[in-house]
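The values are calculated or read from the model by the stated rules, or taken from the named source; none is laboratory data. Here the structure is a predicted model, which is why all the values come from computation and not from measurement. Note that we place each Cβ from the backbone using ideal geometry, even for glycine, and neighbour counts take in every protein chain shown. For the accessible areas, the whole protein counts, side chains as well, though only heavy atoms, and no ligand, DNA or RNA atoms are used. Shrake-Rupley method; radii C 1.70, N 1.55, O 1.52, S 1.80 Å.
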Amino acid sequence: MEMSPTPFEYFLLSAKHLPFWSLKYVIMAKFRRRTCIILSLIILFIFSLMMGLKMLRPNKATSGDPFGLELLPELHQQTHLRKSFDSQNNDKVNSETNIKNLKSVEITMKPSKTSEPYLEELPPLNYYLHAFYYSWYGNPQFDGKYIHWNHPILKHWDPRITKNYPQGKHSPPDDIGSSFYPELGIYSSRDPSVIESHMKQMYSASIGVLALSWYPPGTNDENGENTDDLVPTILDKAHKYNLKVTFHIEPYSNRDDQNMYKNVKYIIDKYGNHPAFYRYKTRTGNALPMFYIYDSYITKPEKWANLLTPTGSQSIRNSPYDGLFIALLVESKHRYDILEGGFDGIYTYFATNGFTYGSSYENWARLRFFCDQFNLLFIPSVGPGYIDTSIRPWNAQNTRNRINGKYYETALDAALHAHPSIISITSFNEWHEGTQIEKAIPKRTSNTIYLDYRPHKPSLYLELTRKWSEKYSKERAGYTVDQKLPPS
């Protein structure tokens with residue numbers, strides 16, 4: 001049986017009748033076609049291999065640092081903090097002011113929601129890390145009007161200085177009393193979804209306790225309204241995320257030893273049985289409520305002694321309403337007033353290194369030593385920065401630039417070196433003074449460019465808090481053994 005020529009033989013037979021140049025192009029065309037087929041097969045094989053490997057990876061697998069901060073770009077800064085923490089000039093950067101009178105359209109950038117960490121992947125909460133929390137914001141939807149977002153521009157005590165700056169109030173929603181703009185918008189503290197989001201953000205940052213700014217029923221700050229009726233909802237939402245709530249008692253009108261006793265009794269009677277109500281375990285094993293007392297120094301120490309010493313006329317000691325009362329230390333001399341008043345500890349509140357004796361990092365070791373001598377809790381307050389020029393335009397000298405998170409990390413590092421009983425954060429959401437770690441977004445209106453956290457994400461300061469919360473928890477577990485502090 002005669003066999004047919006193969007395709008290649010057929011090609012050779014045909015080629016005999018072709019000119020040389022035609023034969024050359026025929027061969028090259030067939031070579032290119034074969035090369036393309038081979039390359040296509042190789043690409044298909046690599047793609048199939050990659051898909052196969054991807055299918056083998058667990059759904060919740062992660063790689064690298066959980067915070068992802070090493071992948072974020074950092075801007076070169078001409079200004080930096082000195083290691084001795086004693087330079088105010090390096091903390092102040094003139095660029096952190098709002099830029100006015102811009103002829104541009106309003107721009108609000110919304111961040112991607114896919115950057116949120118899975119809650120189950122986060123480290124445990126640190127109940128020795130407290131954040132000051134404010135529930136005084138309102139908007140027309142929930143409150144019938146704007147509250148606090150329309151904060152007035154405060155006057156300087158010298159009228160000659162005041163006349164050089166704008167007057168009046170802010171006009172939300174585009175013009176608010178803050179140099180930053182919240183991711184949640186001009187929210188109401190009464191909005192349950194906002195409270196939920198705040199608790200979720202604090203949970204994501206491994207903050208264990210929120211210190212709630214509090215005025216007694218029927219009283220309020222001069223720019224807001226009473227919010228005591230929000231406490232039950234805040235407690236419930238906090239409990240959902242295993243957070244605890246303590247009270248930051250504000251300087252309400254005519255605060256003294258007698259009404260303080262009544263107000264502490266009110267708080268414990270009404271909220272003390274809630275599972276989210278915070279108690280601190282002392283060295284003696286007692287679990288006591290804790291109360292931060294803002295501006296405690298404006299009340300004379302003998303008045304506080306009536307309430308806080310065992311022999312005082314209004315003594316709360318050794319009663320069902322006993323607790324740990326933490327005084328604000330601003331000046332060095334306040335140390336001895338705090339002792340005389342019978343307080344259980346000190347905190348420093350202000351997020352401005354060098355602004356007060358208490359807020360200056362270089363003094364924290366001495367303050368810690370003082371507290372150890374007299375069996376007091378030492379609670380330094382750290383913050384991501386400070387800028388209040390939206391409500392105090394004459395106070396630019398106290399601005400502290402965030403330096404893309406470096407200011408915050410410097411403060412946290414200084415606090416850890418002092419081996420504190422607790423670390424407090426100023427603040428979760430004090431937007432007027434620019435100390436918030438809550439998520440902020442870029443926003444531009446026809447008159448204002450708001451500051452933001454770029455080049456990082458809106459969650460930058462929550463991520464940094466989580467990182468340092470874990471570090472503090474580990475370090476505290478070490479030094480509490482030597483100092484006989486309550487363990488973590």
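Of note:
- In the set (1) in a helix (DSSP H, G or I); (2) open to solvent by less than 10 Å² (accessible area, probe 1.4 Å), the condition left unmet by Ser424 is number (1).
- Residues satisfying the stated conditions in segment 232-255, i.e. touching a Ser or Thr at 6+ places or on another chain (Cβ under 8 Å), open to solvent by 10 Å² or more (accessible area, probe 1.4 Å) and over 15 Å from Phe291 (Cβ atoms): Ser253
- Within segment 249-354, strands (runs of 3 or more DSSP E) holding 2 or more residues that are touching a strand residue (DSSP E or B) at 6+ places or on another chain (Cβ under 9 Å) and either among the β-branched types (Val, Ile, Thr) or free of Cβ contacts under 8 Å to residues at least 12 places away in the same chain (or both): 287-293
- As for segment 303-316, it holds no residue that is buried (at least 20 other Cβ atoms within 10 Å of the Cβ), under 24 Å from Ile425 (Cα atoms), modelled with pLDDT of 95 or more and aromatic (Phe, Trp, Tyr).
- Residue satisfying all of: in segment 351-402; among the aliphatic types (A, V, I, L, M) and open to solvent by less than 10 Å² (accessible area, probe 1.4 Å); farthest from Ala327 (Cα to Cα) among these: Ile391
- Residue that is surrounded by the fewest Cβ atoms within 10 Å (Cβ to Cβ), among those in segment 196-231 that are assigned to a helix (DSSP H, G or I) and free of Cβ contacts under 8 Å to residues at least 40 places away in the same chain: Asp229
- Scanning segment 287-298 turns up no residue that is surrounded by fewer than 20 Cβ atoms within 10 Å (Cβ to Cβ), of a type in the set (Asp, Glu) and over 23 Å from Ser189 (Cβ atoms).
- Condition broken by Ala327, with the remaining ones in (1) out of contact with any helix residue (DSSP H, G or I) (no Cβ under 6 Å at 6 or more places or on another chain); (2) under 30 Å from Arg402 (Cα atoms); (3) open to solvent by less than 20 Å² (accessible area, probe 1.4 Å); (4) not polar (S, T, N, Q) satisfied: (1)
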